[in-house]
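S.K.: Here's a structure for you.
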Amino acid sequence: MYRIDDATASTTLPTPETASTEGYFTEGNPATGTLATKVRGSWLNMIQEELRAIVVAGGLTPSKTVYNQVLTAIKALGTAGQLGAQPHGQCRLSVASPTSLLLSPYNGNLLTVNGAPTQIPAAGLTLANTGLSGPVSVSSYSLTSNVMTLTTSTAHGLSVGSRVYIENEALGANGSYVVTAVGSTTTFSFAFTASNASGSESGCTAQPVYYAYVNSTPALVASQVGYTVQSNGIATQTGNTALTLVGMFMVNASGFIDSDAYRWCLNWFNRRPRRAAVASTATGTYSSTTAYGEVSSVYRTRFMMWADDVPQLIFTGTVTGPSTASSINYVAAIDSPGNSMTPATLQTTGSSYSSTIAGVGIVDATVSALLTPNEGGTAQC
C-alpha cells in the first residue's frame, strides 16, 4: 500500500475537518435536489493510512507495484499468531565501530514506538559517539551519613538520576550507582553504606551509563535517563513513553567498545549468551588470612547486565600457596569481594573454578568480575 505520490499531494498529513454525524455515500438525486456525497481528501487519507498500517504491521515495505500487500500482511500476522498483537522488538543493538552504534533489524523489522508499529530500516539506525562522556578521573571522596560524594578532575557529565559506573574506589564503592545529587560539574553523590571517611583517590574513575532508545522518526537516541516497563510490557524512558528502550551502553576514551574485556553494549531484545573474558600470563599476589581481596586488576573483566541476568564466572589457572602443603580459598566476585560466589578450595597446582552468582541484589548495571583469594598466595590466569 504505497501512499499517493502525485505532484499535487501534500508532504504532510493534513488536519481533517471537525467530525460531524456519521453517514453513508449517495449518488444524489437531481430530481429532488439531493447532492451526491463529496469524497473528501480527509476520508481518502483515512482509508490510505488504515490499509498501510496493516501492511507495515505485517512486516512489509509498502510498494507501488504490488497489489496484494494487505492480504499478505494479514496472512503473515495470522501465521505468527499476532492478529490483535503487533510484532515488537525485532531488532538488535551492536557496536559498528568506535564512533558508531548500530540498531539492526532481527527476525523482522518492527518495534513498537509510542504505541505504533515502527519499521527499522534494512540498513539499521546509527548513533554517533559525539557528545557522549567516557571515564573521568576521581581525585577524592567524602562519605558522610551513608552518602558518598566524589570529586572528579574534569567535568563528569552526570545528572541527578543518572546511573554511574565507578571503578577502583578507595572504600570499595565499585560498580554502578544512581546519582542522588550533583553539587557541581566536578562533584556528585550517591548512596553508599559505610563508616564516615574522606580522602584522596588513586586510579579511581567514574563514567555515565547510557540507555539507547528509539523515537517515532525513527532515530536511535542516547540518554542517561533510565526506563520503566509499562503495563503492556514495553520498556520506555521514565517519564517519556514516546521513547522505546532497545539497549544499554558505555563509551571509553576512544568511543563505543564491545570486546572480551569490555562488554559495554547490551541488548534489551533478542538477548543471547555473551562471553566476557581476560587472559594473562602475569602473576598477581594477594596475602591475607582474614579477608578476601582482589589478586590483581589484570584478571578483571567488565560487562553489563540487566536485573534479571544471571552471570557465570569461571577461573582457570595456576595458584601457588605460601607453603607446599597449603591450599587457597578462591571466590569470583562482582565489583567487590562482598558480592561473591561460594568459595572454592584450590590446591597449589593448576585448578579451575566455576560458579553462578544469583540473588545478590544486582540491578541493571555495569559490573566487573574479580578473582579474590583468602590466604597468602599468587595466581596466574
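Values in this text are rule-based calculations from the coordinates and carry no lab data. The structure presented is a predicted model; accordingly, all values stated were derived computationally and were not measured. Heads up, the Cβs are rebuilt from the backbone with ideal geometry, glycines too, and the neighbour counts pull from every protein chain shown.
S.K.: Pop out the ³J(HN,Hα) list for the range 267-282 in order, Karplus 6.51 cos²θ - 1.76 cosθ + 1.60 with θ = phi - 60°, rounded to Hz; leave Gly and Pro as x.
M.R.: Residue by residue, the range 267-282 yields 7, 8, 9, 6, 5, 8, x, 10, 9, 10, 8, 9, 10, 8, 9, 6 Hz.
S.K.: Same structure, new question: Compute, for the range 226-314, the length of the dipole vector about the Cα centre, with Cβ point charges of +1 (Lys, Arg) and -1 (Asp, Glu) only. Units Debye, rounded to 20.
M.R.: 140
S.K.: If you find the alpha carbon centre of the range 109-139 and of the range 226-261, how far apart are they in angstrom?
M.R.: For the range 109-139 versus the range 226-261, the Cα centre distance is 8 Å.
S.K.: Please order Asp260, Asp308, Asp6, Asp335 by the number of other Cβ within 10 Å, starting at the fewest.
M.R.: Ranking Asp260, Asp308, Asp6, Asp335 by Cβ neighbours within 10 Å, fewest first, gives Asp6, Asp308, Asp260, Asp335.
S.K.: Taking the Cβ of each residue in Ile314, Ile234 as the centre, tally the other Cβ atoms inside 10 Å and list the residues starting with the fewest.
M.R.: Final ranking by Cβ density, sparse to dense: Ile314, Ile234.
S.K.: Same structure again: Taking θ = phi - 60°, what integer Hz values does the Karplus form 6.51 cos²θ - 1.76 cosθ + 1.60 yield along the range 259-265, in sequence order, with x for Gly and Pro?
M.R.: 10, 4, 7, 9, 8, 10, 9
S.K.: Still on this structure, I have one more. So between Asn270 and Ser63, what do we pick up on full extension, going 0.36 nm a residue minus the alpha carbon distance?
M.R.: Fully extending the segment from Asn270 to Ser63 adds 71.7 nm.
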